[in-house]
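One structure follows; several queries about it will come next.
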Amino acid sequence: MPVTVHIPTPLRPYVGGRDTVATSAGTVGEILERLAAEHAQLRAHLYRDDGRLRTFVNVYLNARDIRDLERQATRAADGDEVSIVPSIAGGAVAVATALPELTHAEILRYSRHLILPEVGPGGQRRIKAARVLLVGAGGLGSPAALYLAAAGVGTIGLVDFDAVDATNLQRQILHGTGVVGRPKLESAEARLQDLNPHVRVETFPVRLTSENALEILRDFDVVVDGTDNFPTRYLVNDACVLLGKPNVYGSIFRFEGQASVFHAAAGPCYRCLYPEPPPPGLVPSCAEGGVLGVLPGIIGSIQALETLKLILAAGDTLVGRLILFDALKFRFRELALRKDPDCPLCGPNPSVRELIDYEAFCGIGAAPAYDGAEITATDLARDLRENQDLEILDVRETREWEICRIPGARLIPLGQLPERLSELDGHKEIVTHCHKGIRSMRALEILRAAGFSRVRSLKGGIDAWATEVDPSVPRY
Amino acid sequence: MNMRIAPGVLAEIRRHLAAAYPTEGCGLLLGTRGPNGDVVVHRQLPIPNRRAADAGGRTRYLIGPEDFLTAEREARQASLVVVGTYHSHPDVPARPSAYDTEYAWPRCCYLIGSVAGGAVREERVWELRDDRSGFVERELEVKES
């Protein structure tokens, strides 16, 4: 009596419509191979291209799965029955990980999303599955984090090492008056958890550096750049390119903002736009130049919007487009960005293959140009009492001068200094000062280059003067 | 080639797939296959999705070999054969996915129901080409046999 092979319905057409085929004894592997040899069309359905049996072809000897026996080496003797049994599999989308389900409370909370065709339950579950990292919990990070948490982004990571300062509250709406002096991440986490307890907040109370950036960014799907300085901005860009992650970029200054999505896999990166950082001091920070408090609200919201579109794969993102917003004129302009074929980072022949020293790249942290160039506020107060020939040169803007000033100081804004050097007495010792001590160093360089030999710069600016010497001077 | 199905049978399938949402629901179709390839579905057999319990159940379904053997036995007793399978695509269109193609069986109708908001929005029927190069769509005829 030969071996009987049971053929499942789907395969019967390939063996002449029969439900069984008789064959001689042998291993299961030999029997299947014989079957495929005799019925050529059967082969493709039983075997994969590499010759291995398809995963969803199950073979039974009598009532036992050959996986529990000796697999294809299992011997079938005369009188045995070999059954080919399909298991049938399939499914909606080839996603690496399954999407989390929405609870009833979440369905209610996100109902305005769920009824949007572009979001729907599937999209909302993608949002829930998403992991977004915000670098900076400040002006841009505040609105971005609030909207992303409200939208139900499952995991929000926050990197910031700062404490809340009273001057932050004019625009950094994550933080409130009661938490001044506390770490920003502490108040941010509390605010986001209150806004949406379904969101998981992961905090990184560190300065993002070349040493830790890849480690921190690696576990996130999208990175939102809310940094306020060039070294960190290049660091975020480079880490995102090296890890293949989209970088949702925003920056603000005074009344103007920029936004884009840098995703080297699909378009240019930040280095394609700005291959080199500006010289230190050329572009003032918001602390030096000011910023209208609403502006980061607009740009940070654009960053939240682009992040959600990336998660949903919906609409046209800002990949390859730079948005310039002028709040005073109320004008949005759009520039097309091209991938730079010579980009040292994302071009075909990259020279930057790992994270570098970004402080050095941006010309910051180099040794001071002049030894002993700075004077502390306390020393300046003492020198003023003892030295009548000392001149204090305030290089801030007129409006800052209107807020507060050091008694006896003379105002020449930094931008006017090169043309007004003749107003200064070269025989006197000069101490330059500004708000925090950065512009005054630039002024010192200008003066020394022009031949003034006795110049120093007030360390920490009028801010240090207000805290160390004269509390009647308001800080700003 | 078409696939004919009675309105009552289709209604049962819709109820099953809607109830399974947001996981994928699945089952087998018992009926007859004519010499010209036309298929008539006589009844549906809901099968527990063997992947419903794990995280993949929301985008995957699996009908195990034991279930298939049971279904074939049941079909044989009614002088029918397993003519196809049905499953749902929660929140995505009723088109075969790459995964469907990879694991598909030939001469087997794949009825896919797209489910959104807890109801079946659309059904379409597909069958794997003999050379496994892809699916061809079958016409779905809703009519009493």
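Go over the candidates A:48, A:12, A:67 one by one and state the one that is free of Cβ contacts under 8 Å to residues at least 12 places away in the same chain, charged (D, E, K, R) and surrounded by 14 or more Cβ atoms within 10 Å (Cβ to Cβ). Step through it out loud before you land on a result.
Details: A:48 fails: surrounded by 14 or more Cβ atoms within 10 Å (Cβ to Cβ); A:67 fails: surrounded by 14 or more Cβ atoms within 10 Å (Cβ to Cβ).
After applying the criteria, what remains is A:12.
Inspect all residues belonging to region A:302-313 and state whether any of them is hydrophobic (A, V, I, L, M, F, W, C), assigned by TED's automatic domain parsing to the domain that holds residue A:169 and more than 30 Å from residue A:125 (Cα to Cα).
Going residue by residue through region A:302-313, those that are hydrophobic (A, V, I, L, M, F, W, C) are A:302, A:304-305, A:308, A:310-313.
When the remaining residues are screened for being assigned by TED's automatic domain parsing to the domain that holds residue A:169, the result is A:302, A:304-305, A:308, A:310-313.
Checking the rest, the ones that are also more than 30 Å from residue A:125 (Cα to Cα) come to none.
Taking every residue of region A:302-313 in turn, none turns out to be hydrophobic (A, V, I, L, M, F, W, C), assigned by TED's automatic domain parsing to the domain that holds residue A:169 and more than 30 Å from residue A:125 (Cα to Cα).
Can I ask one more? With respect to residue B:56, determine if the residue is part of a helix (DSSP H, G or I) and either more than 9 Å from chain A (Cβ to nearest Cβ) or modelled with pLDDT under 85 (or both).
Yes; evaluated as a whole, the condition is true for this residue.
Just a yes or no: is a residue in region A:166-174 in the same structural domain as residue A:216 (by TED's automatic domain parsing), among the β-branched types (Val, Ile, Thr) and crowded, with 24+ Cβ neighbours inside 10 Å? Spell out the reasoning first.
At the first step, the residues of region A:166-174 found to be in the same structural domain as residue A:216 (by TED's automatic domain parsing) are A:166-174.
Keeping just the survivors that are among the β-branched types (Val, Ile, Thr) gives A:167, A:173.
When the remaining residues are screened for being crowded, with 24+ Cβ neighbours inside 10 Å, the result is none.
So far as region A:166-174 goes, no, none of its residues is in the same structural domain as residue A:216 (by TED's automatic domain parsing), among the β-branched types (Val, Ile, Thr) and crowded, with 24+ Cβ neighbours inside 10 Å.
Can you name the condition, by its number, that residue B:40 falls short on among (1) more than 9 Å from chain A (Cβ to nearest Cβ); (2) of a type outside the set (D, E, K, R); (3) outside any strand (DSSP E or B)?
Of the numbered conditions (1) more than 9 Å from chain A (Cβ to nearest Cβ); (2) of a type outside the set (D, E, K, R); (3) outside any strand (DSSP E or B), the odd one out for residue B:40 is (3).
Sticking with this structure for a sec: I'd like the residue in region A:3-24 that is part of a loop (DSSP other than H, G, I, E, B) and farther than 14 Å from residue A:83 by Cα and, out of all such residues, is nearest to the other protein chains (Cβ to nearest Cβ).
Going through the qualifying residues, I end up with A:17.
Any chance you could count how many residues in region B:66-93 are surrounded by 20 or more Cβ atoms within 10 Å (Cβ to Cβ), assigned to a helix (DSSP H, G or I) and not acidic (Asp, Glu)?
Residues flagged as surrounded by 20 or more Cβ atoms within 10 Å (Cβ to Cβ), assigned to a helix (DSSP H, G or I) and not acidic (Asp, Glu) within region B:66-93 amount to 3.
Based on what the data block shows, is residue B:34 at pLDDT below 90 and either surrounded by fewer than 23 Cβ atoms within 10 Å (Cβ to Cβ) or in contact with a helix residue (DSSP H, G or I) (Cβ under 8 Å, 6 or more places away or on another chain) (or both)? Give the steps one after another, and end with the answer.
Details: at pLDDT below 90: yes; either surrounded by fewer than 23 Cβ atoms within 10 Å (Cβ to Cβ) or in contact with a helix residue (DSSP H, G or I) (Cβ under 8 Å, 6 or more places away or on another chain) (or both): yes.
Yes, satisfied.
Scan region B:4-37 for residues that are within 14 Å of chain A (Cβ to nearest Cβ) and not in a loop (DSSP other than H, G, I, E, B) and report the count.
11
Oh, and also: Are any of the residues in region A:91-114 in contact with a strand residue (DSSP E or B) (Cβ under 9 Å, 6 or more places away or on another chain) and buried (at least 23 other Cβ atoms within 10 Å of the Cβ)? It would help to see each step written out before you state the result.
First, pick out the residues of region A:91-114 that are in contact with a strand residue (DSSP E or B) (Cβ under 9 Å, 6 or more places away or on another chain): A:91-93.
From what's left, buried (at least 23 other Cβ atoms within 10 Å of the Cβ): A:91-92.
Checking region A:91-114: at least one residue is in contact with a strand residue (DSSP E or B) (Cβ under 9 Å, 6 or more places away or on another chain) and buried (at least 23 other Cβ atoms within 10 Å of the Cβ).
Only residues that are of a type outside the set (Phe, Trp, Tyr), at the interface with chain A (Cβ under 9 Å from one of its Cβ atoms) and out of contact with any Pro (no Cβ under 9 Å at 6 or more places or on another chain): list them for region B:94-117, please.
Result: B:96, B:97, B:98, B:100, B:101, B:102.
Further, regarding this structure: So, in region A:128-151, of the ones that are out of contact with any Leu (no Cβ under 7 Å at 6 or more places or on another chain) and surrounded by fewer than 22 Cβ atoms within 10 Å (Cβ to Cβ), which residue ends up nearest to residue A:176 (Cα to Cα)?
A:147
Only one residue in A:171, A:191 is part of a helix (DSSP H, G or I), out of contact with any Cys (no Cβ under 8 Å at 6 or more places or on another chain) and of a type in the set (Lys, Arg), so which one is that?
A:191
For region A:304-334, enumerate the residues that are of a type in the set (Phe, Trp, Tyr) and free of Cβ contacts under 8 Å to residues at least 24 places away in the same chain.
From region A:304-334, those of a type in the set (Phe, Trp, Tyr) are A:325, A:330, A:332; that's our starting set.
Once the filter is applied, which keeps residues that are of a type in the set (Phe, Trp, Tyr) and free of Cβ contacts under 8 Å to residues at least 24 places away in the same chain, region A:304-334 yields A:330, A:332.
Across region B:70-93, what is the number of residues that are of a type in the set (D, E, K, R) and more than 7 Å from chain A (Cβ to nearest Cβ)? Talk me through it step by step, then tell me what you get.
As a first pass, look at region B:70-93 and keep what is of a type in the set (D, E, K, R): B:72-74, B:76, B:91.
Then drop every residue that is not more than 7 Å from chain A (Cβ to nearest Cβ), which leaves B:73-74, B:76.
Count: 3.
Now for a different question. Which of the residues that make up region A:149-164 are of a type outside the set (A, V, I, L, M, F, W, C), part of a strand (DSSP E or B) and within 20 Å of residue A:251 (Cα to Cα)?
A:157, the sole residue that qualifies.
Considering each residue of region B:8-38, count those that are more than 13 Å from the chain's Cα centre (by Cα) and either among the hydrophobic types (A, V, I, L, M, F, W, C) or at negative phi (or both), and give that number. Steps first, answer last, please.
We begin by selecting, within region B:8-38, every residue more than 13 Å from the chain's Cα centre (by Cα); these are B:8, B:11, B:15, B:18-23, B:32-38.
Subset that is either among the hydrophobic types (A, V, I, L, M, F, W, C) or at negative phi (or both): B:8, B:11, B:15, B:18-23, B:32-36, B:38.
The number of residues fulfilling the criteria is 15.
For the list (1) at pLDDT below 90; (2) over 30 Å from residue A:265 (Cβ atoms); (3) touching a Leu at 6+ places or on another chain (Cβ under 8 Å), I need the number of the one condition that residue A:354 fails.
Just one mismatch for residue A:354, condition (2).
Kindly indicate whether residue A:305 is in a strand (DSSP E or B) and either surrounded by 14 or more Cβ atoms within 10 Å (Cβ to Cβ) or modelled with pLDDT of 90 or more (or both). Quick ask: steps written out before the conclusion?
Working: in a strand (DSSP E or B): no; either surrounded by 14 or more Cβ atoms within 10 Å (Cβ to Cβ) or modelled with pLDDT of 90 or more (or both): yes.
No; evaluated as a whole, the condition is false for this residue.
The values are calculated or read from the model by the stated rules, or taken from the named source; none is laboratory data. None of these values were measured; they are calculated from a predicted model. Here the Cβ is made from the backbone with ideal geometry for all residues, glycine too, and neighbour counts use every protein chain on show.
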